[in-house]
Amino acid sequence: MSDAPQKVTVTIDGREVQAEQGELLIKVAQDNGTFVPRFCWHERMKPVGMCRMCLVEVDGVRGLPPACTTTVTDGMVVSTQSETVKKAQDGVLEFLLINHPLDCPVCDRGGECPLQDQTLAFGPAESRYVEEKRHYEKPIPISDLVLLDRERCIQCSRCTRFADDIAGDPLIDFGERGGQMQVITYPDDPFVSYFSGNTVQVCPVGALTAKPYRFKARPWDLASVETTCQTCSVGCRGSVESSSNRIVRMLGVDVEPTNHGWLCDKGRFGVEALHAEDRIRTPMVRRDGELVECSWPEALDAAAAGIQRALDLHGPGGVALIGGSRGTNEDAYAWARLAKGVIGTDHVDAQLGDGLPAELVLGLPGATIPDLDRAAAIVLLAPDLKEELPVLYLRVRRAAVDLGVPLVDVSALDHGLSRYASATVRHLPGEQQSAAREVAAALAPLTEGRSGPIVVVLGRPDVATAADATVAAAGVLADLPEARFLMALRRGNVRGALEVGLAPGVLPGRVSLESGAERFTAAWGRVPAARGLDATGILGAAAEGRVGALVLVGADVTDDFPDRHLARAGVRGAGFVVAVDANRTEAVAAADVVLPAALWGEKSGTTTNLEGRVQRVARKVSPDGSPMPDWRIAGELALRLGTDFDLEDETELQDEIAAVAPGFAEVDAILLRRARDGVVLPLADHRDELVLEARRIPVTDFSWEPIAPAEPEVEAAEASDPDAAPEAIDASDEPRPAQVPAAGLPDAATITWTGAEARPTPGRDNYALRLVAGRRLYDAGRTVSASPSLAGLVPETALRVHPQEISRIGVADGDPVRITTSRGTQTLALTGDTTVPLGVAVMAFNLGGVGVGDLVDATSVVTDLRVETVR
Amino acid sequence: MSNATETRIITKRLRDRTEDSWTLAGFTASGGYDALRKALAMEPAAIGAEQVAAAGLRGRGGAGFPTGTKWSFLPEGNYPRYLVVNGDEGEPSTFKDRMLVERDPHQLLEGIAIASYAIGCNKAFIYLRGEFALGYERLEAARRDAMAAGFLGDNILGSGFDLDVVIHRGAGAYICGEETALLSSLEGDRGQPRIRPPFPAVAGLYAKPTVVNNVETLATLPHIVAMGGEEYAKLGVNRSTGTRIFSVSGHVNRPGNYEVELGMTFRDLIFSPELAGGIRDGRSVKFFIPGGASSQWLTGSDEHLDAPLDMDYVQQTFGVMLGSGAVMVYDDTTNPALVAWRLAKFFAHESCGKCTPCREGTGWIEKILYRISHGEGRPQDLDLLLDVGDNISPGLNAPFSQTTICPLGPSSVSAVVSLQNYFRDEVIAMCRATA
C-alpha cells in the first residue's frame, strides 16, 4: 500500500479541484459539484462511452471526449459548459428523443426519469424530427418479473452490463444493429436471474419495468424512507416506498459496506407479502377447540396464564421459546429478557435446527463484507450463496472476478460461485472437516505475495446434515493464519438474535450464561440456572411432554425446521402453545393463543446483519388490524408475569441493550441514529469504520440511480477518537429515559470460541444415498408464497442423482421411487443430473408439499436414503 | 487526351499470369517468396524502421496512416503480439482487396509473413469479408500450400521464425472494417468499435499489442523489401509514395481496378483510354467521390479534375480524402440528392448502434434525404441536414471531428456537406418545386 495514488490538479469550468491520477473525469466533476449529464455511465459499472451525453471539451484534446471514459491528468483543463459542449448536449438529447415515444404520462419512470430531467436541464426544448418514429410490439416480457419497452429504450447497455458484469447472468444482450439495435434475450432462454430487478432500477428511462410495480403509483405520490432489507442476513440498504399505506416498491441504496445499491429480487419484490390478504390481523384464543378472535388483553392474559401454569407445573425449564430471528434486535432482546430474565428458562433458540451454535457464531474472529475485497483469499464453506444470500454472492463474485481475490471452494456440489473458484476442495456430504484440512495446502500457492486476512465464509451447506460437520471444519479453519469468519446464516436478523442472547447458553452482548450470570442477575433480577436446549432439543422434549408452554415467535416449524415429523410431534406434545406470528402456518393453527405480529416495514428498530453490523430498519406503513411489534408483545407478557419493562419505544430498548450487553457497549439509540453505515459489533474493534452524520438525510430525489448516501458531516477519523464520538453529540432533543441501571453492572467476559465437541460423521453404506438439501431462493416460505409476483417462481421438487444411480436402482429418469429414512417412506421422482456425485442425492429444502422435511431426522448427523423401485 | 497508364507493381502478376497467378507454382515462378527470404535475412526491427519507413508506405485501407509509425507504437517487451489483416473490404465501390485476395493470395501471405517477422509476431489473423467466397477458397488453399512448402508455419525457410495464420470470415457488417470493431468481432463479441485509448497497438486483440494492416498495404510489403524502401519511395509524389489501386466505378466507360502511380491527376485516371476511359456517351462529369463513400465529393470542374492523387494535397486543398481508393464518377444526368440518399441509406443500415449520434443521426439523415430526393423535401431541410450533421461531426470538417465513437457517423455527413458545397441551389430548387 506504499504507492499511494498521485494527486493531480484539474481545472473544471475555471475552478481548480484536486483528484487522484486515473480517476474518471465525470466522477471528479461530480465529487466537486459539477454534474455532467450521462445515461450509460453508472458508478458501479465499467464505463463504455456509448450514450455520448457526457461529452466535454478538454484543452489540447481534439474533439469532444466523453467525461466517462476520460481519466484525469495533472493540469487538465476541462469545460463542461462551453457553447460547443452545449451544442453537443442538445444534439445528443435530440437524437435520443427522436425515436422515443414520449409516452411519459403512462410511463412508470415519468417524474423520476433521467431522460426527462436531463432534457429539462441540458436539452433542446423542441424536436425537429417530423418523420415516423420506430415502432415495436410493447411491452414484451424478458422474464417473469421484467418487461421491456423497446420504443423507450435508449440503448445505454446498463441492463446488459449489469446482467453480465455484476450478476454473472449474461442472459440479455443487444440484437440487431443501428437504429434497430434492441435488448434481446436468447431464444427460449428468458432473463432468469435473481437480480433482474436491478436492471429496472438502473434503467435511465422506462424501458424496463417491473411487473410488481407497473402502473402502481406515480413517483410524486410515493413517500420513501431508507431502511435495511431483512429478507436475508446480508442487510442490504434500501429505500422502501409507499402510497396510501401500501408498500409498493423497494429500491436499492448504494452503500459501500454492504450492497453497492443492488438488491436480489426476493428482497425487492417480496415486499408484496406484507399486504397479503390472509395476514393475521387480530389476536385469537382457543375456545372449545376453535381459535376465535379476541381482544389484545384477553389474548395476552390467556398467553400469560398458560405460561404461568407451565411455570407452576414444571418450573422455568417447562417453558421454551423458538424463533425470533426475523424481527428487530429490540424484539429479540425483549424476548430474551422475557424468557431468561423473567421466566428464567434457557430453552430458547432463534435458529430452527439449521444454524450453527451461538458460541461459534459469536466467538470466532469476525470479518466484515468489505474484508472480502481486500482479503488475501476467500474460503467458501457455506451454502450456495447465490440461493441463500444473493447479494453476498455478488460481492464474493466481484472480489474474485474484478479484484482478483483467490477463491477456495470447499463444497460437496457445484454451486453458484464454483465457476469462479481458483481452487476447489470437494468432499462427501458431512465430511467437511477432512476437506477443511486440505484448505491450507490449497491456499498456499494462491496467497503467495498477497496480504490481508483469509476470509472464511462459513455456514451449513444443507439442512440434511447436522451442524457437527461444519463445527468440526470450523475448528480446523480457525487455525489458518489471519482467518476471519463471515457467518453465512440466512434469516434476516438471526445474527442480531444471537447477539442479544436468543440462544441456549448465551446472554445479550456475546457473553455466556456462566460469565454473564452476575451481570444479568443485577440487570434483570434473574438468569437461567443452567444451559438449555436448542430448537431440536426443545421439540424433542415437547414431543415427550416435558414442555408445558411453547412460545413460537415467527417460527414456522413444520415448514422451516428440517424435520417435519419432530416439529409436528413437538407442537402436538407441548402443553400450551403461544404463536406470535403474522401468517397462518400449521403451527399457528395448532396454537392455544395467537398474537398477531407487526412485520418489517410496519415497525422501526435495528437489525444485525451477518457481519454483526447493526443498521436501522424503518417503519413505513401501519398494519391493517391490530398487530403489534414483538418487543411490545414481550413487554406485555412480562408485565403479566410480574416484571415491568417500562418501555415506551424501541430507542429505549436500544439504550438498554447498550447499557447491559457488553458486545453493544456505546451502541445506543443516538449512535444508531447517526451511524450512516450502521455500527459493526463490537464497536471497540470497528471504531474506524464508523461514519457519523449529524441528521437523517431523506432519500434524494434521484431515486432512479442507486441512491448515494448523504455526505457525512463528521469524519470517521474524528469518530475514532473515543473521547469525541458519542459524547460529543448534542442529545438535547433525544430523551433518554433511564431503564436498567447502566453503571455499576458487574463485568462479563465475552465469548471466544475455541472449538467444540462434534459428533463424528458416520459412514454411508453402499446401498444408501446421502442427502444434500440446500435451500433455493424461491421456496415455499412466506415471503415468496405470499408475494404474487414471486409465488410462481418456486421450482418443482425433484430428487436429483447421478444417472448411473438411476440405472443402478433399475428405473428410468423421472420414474417414482420409494425413499426410506428413519422418518419413514415417501414416494418421489428421480431425476438424472451428471453434476451430482455418485452416492449423493440432492433435493432442495421447503419447496412445498412432500419433501426434505419428511425425510430428515434432525437428531441424526446425516440423512441417508434407501431408494427402491416402486413395486 | 491523356495517355496515362497503369504502373503495375502489386497487380503485375495477376495481370500477367491470368491462368495461375493464385497458385503457389504461378507465384514462385514469378519471384514469389523471394522477398520473404530476403527479409528473413534482415534484422526484424530494420524492416519497419528502415525499409518501410524509407518507402513512406501509408495504409491503403482509408486513413493513410504511415505503416512504419504504426508498427513503432508496439510497446517493447510485451508478448505475444498479433498482426491482424483487415480484409473486410466494405466501403461501397471499393473492390481492390477482393482482387488481391482472389488473384494473388500468396502475395498477401508473403506480406503477412514479412510484417509478422518485422514486428515479432507468431500468430496472424486475416479477417476476411464474409462475401468473398472465391477469395476465401483461394486464400485458404494458398495458406495450406504455403504451410506445406515451408513459407508459413514453424521454422519458415529454416530461419527459426514461426508463423501461424488464421483466416476468419466476417458476417456482413461494414463496421467490422473499423479496426477496433474488427478486433471485437474477431474475439466473438458484437462488431462494435471500442473506446480508445487503449489503442490496438497497446491492447488490441485479446488485450495484447496488435497491429491492424490493410490487405493492399501488406501486399505492397514484398515489393518494398525487394526494391528497397528508398527505391520504392521514388515512385509517387510528396508524402504519397508508390502506387495505389483505384477502383473506378460509375458512369465511366471502363470501370475497374487500376494501379497507378500516386501523383497522377483525377482527369488522367478517369479519362485516359488506358484507364477508366472517359464518361459514357461522351457526357461530362457532374461530380465524383474521390475516395470511397465516406469522403466528401469533388465536381467536374477543372480545378478538381486536375488535382493530383496526393493524399495530403486533396485533404488540405479540398477537404476530401483518397480513402480506400474508390472513385465513383457521376455524369451530368445525375441527381446528387438521390446519390446522397443512397449513401445515407448505406450508412444508416451499417451503423452498429453503439453510440447515440450515429445510431439515431444516420437514420434521421437518411429519412430527410429520402424526402428531398423523392420530391417531398422542404426548403429548410438542407439546413436541418447540416445541423443534424454538425451534431454528429461538429464543424463539418475533414478530417472529421466527431461526437461519435468511430468515423462511421461522420462519414454519413460527407454527402450532406457536399450537397451544401456544390449543389445547394439545385437541392433547394428541388424542394421549392415540391413545396
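The values are calculated or read from the model by the stated rules, or taken from the named source; none is laboratory data. A quick note: this is a predicted structure, and the numbers were derived from the prediction, not measured. A quick note on method: Cβ atoms are made from the backbone with ideal geometry, for glycine too, and the neighbour counts reach across all protein chains shown. What goes into the accessible areas is simple: the full protein's heavy atoms, side chains included, and nothing from ligands, DNA or RNA. Shrake-Rupley method; radii C 1.70, N 1.55, O 1.52, S 1.80 Å.
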Any chance you could count how many residues in segment A:108-140 are small (Gly, Ala, Ser), in a loop (DSSP other than H, G, I, E, B), open to solvent by 20 Å² or more (accessible area, probe 1.4 Å) and more than 14 Å from chain B (Cβ to nearest Cβ)? 2
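Show me the helices (runs of 4 or more DSSP H) found entirely inside segment B:188-280 where at least 2 residues are aromatic (Phe, Trp, Tyr). Let's see the steps before the verdict.
Numbers: elements: B:200-203, B:215-227, B:229-233, B:266-271.
Helices (runs of 4 or more DSSP H) meeting the threshold: B:266-271.
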What number goes with the only condition from (1) surrounded by 15 or more Cβ atoms within 10 Å (Cβ to Cβ); (2) under 42 Å from the mean Cα position of the chain (by Cα); (3) under 30 Å from residue A:166 (Cα atoms) that residue A:64 does not pass? (2)
Odd one out for residue B:377, checked against (1) closer than 24 Å to residue B:97 by Cα; (2) within 14 Å of chain A (Cβ to nearest Cβ): (1)
Is segment B:335-355 home to any residue that is more than 20 Å from the chain's Cα centre (by Cα), on the phi > 0 side of the Ramachandran plot, at pLDDT 95 or above and part of a loop (DSSP other than H, G, I, E, B)? yes
Among (1) touching an Asp or Glu at 6+ places or on another chain (Cβ under 9 Å); (2) within 14 Å of another protein chain (Cβ to nearest Cβ); (3) touching a residue at least 24 places away in the same chain (Cβ under 8 Å); (4) not basic (Lys, Arg), there is one condition residue A:56 misses while meeting the rest; what is its number? (1)
From the list A:290, A:277, A:298, A:330, which one is open to solvent by 10 Å² or more (accessible area, probe 1.4 Å) and within 33 Å of the chain's Cα centre (by Cα)? A:277
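Report, by residue number, each residue of segment A:20-29 that is at pLDDT 95 or above and either more than 14 Å from every other protein chain (Cβ to nearest Cβ) or open to solvent by 10 Å² or more (accessible area, probe 1.4 Å) (or both).
To start, the set of residues in segment A:20-29 that are at pLDDT 95 or above comprises A:20, A:23-29.
Matches in segment A:20-29: A:20, A:23, A:24, A:27, A:28, A:29.
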Can you find, within segment A:612-644, the residue that is farthest from residue A:364 (Cα to Cα) among those that are open to solvent by less than 10 Å² (accessible area, probe 1.4 Å) and in a loop (DSSP other than H, G, I, E, B)? A:621
Within segment B:139-150, is there a residue that is open to solvent by 30 Å² or more (accessible area, probe 1.4 Å), modelled with pLDDT of 95 or more and touching an Asp or Glu at 6+ places or on another chain (Cβ under 7 Å)? no
Within the set of pairs 6+ apart or on separate chains, which have a first residue in segment B:187-198 that is more than 23 Å from residue A:70 (Cα to Cα), a second that is assigned to a loop (DSSP other than H, G, I, E, B) and open to solvent by 60 Å² or more (accessible area, probe 1.4 Å), and C-beta atoms under 6 Å apart? none
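Which of the strands (runs of 3 or more DSSP E) contained wholly in segment A:233-340 include at least 3 residues that are under 30 Å from residue A:354 (Cβ atoms)? Before you say what the answer is, go through the steps one by one.
Working: elements: A:237-243, A:246-252, A:284-287, A:290-293, A:319-323.
In segment A:233-340, the matching strands (runs of 3 or more DSSP E) lie at A:237-243, A:246-252, A:319-323.
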Every listed condition ((1) within 11 Å of chain A (Cβ to nearest Cβ); (2) surrounded by 24 or more Cβ atoms within 10 Å (Cβ to Cβ); (3) outside any loop (DSSP other than H, G, I, E, B)) holds for residue B:384 save (2)
Can you tell me which condition residue B:125 does not meet? The list is (1) open to solvent by less than 60 Å² (accessible area, probe 1.4 Å); (2) within 19 Å of residue B:61 (Cα to Cα); (3) part of a loop (DSSP other than H, G, I, E, B), and all the others hold. (3)
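Residues checked against (1) under 29 Å from the mean Cα position of the chain (by Cα); (2) among the aromatic types (Phe, Trp, Tyr); (3) open to solvent by less than 10 Å² (accessible area, probe 1.4 Å); (4) modelled with pLDDT of 95 or more:
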| position | (1), (2), (3), (4) |
| --- | --- |
| A:561 | yes, yes, yes, yes |
| A:570 | no, no, yes, yes |
| A:577 | no, no, yes, yes |
| A:583 | yes, no, no, no |
| A:591 | no, no, yes, yes |
| A:595 | yes, no, yes, yes |
| A:601 | yes, no, yes, yes |
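Looking at A:144, A:149 in this structure, which one is within 19 Å of residue B:353 (Cβ to Cβ), away from every other protein chain (no Cβ under 14 Å) and in contact (Cβ under 8 Å) with a residue 60 or more places away in the chain?
Working: A:144 fails: within 19 Å of residue B:353 (Cβ to Cβ).
Going through A:144, A:149 in turn, the sole match is A:149.
Can you tell me which residue is nearest to residue A:122 (Cα to Cα) among those in segment A:1-50 that are assigned to a strand (DSSP E or B) and in contact with a helix residue (DSSP H, G or I) (Cβ under 8 Å, 6 or more places away or on another chain)? I'd like the intermediate steps shown before the answer.
In the first step, residues of segment A:1-50 are kept if they are assigned to a strand (DSSP E or B); the result is A:7-12, A:15-20, A:24.
Right, trim to in contact with a helix residue (DSSP H, G or I) (Cβ under 8 Å, 6 or more places away or on another chain) and you get A:10, A:12, A:17, A:19.
Details: A:10: 23, A:12: 18, A:17: 23, A:19: 26 Å.
Taking the candidates together, the pick is A:12.
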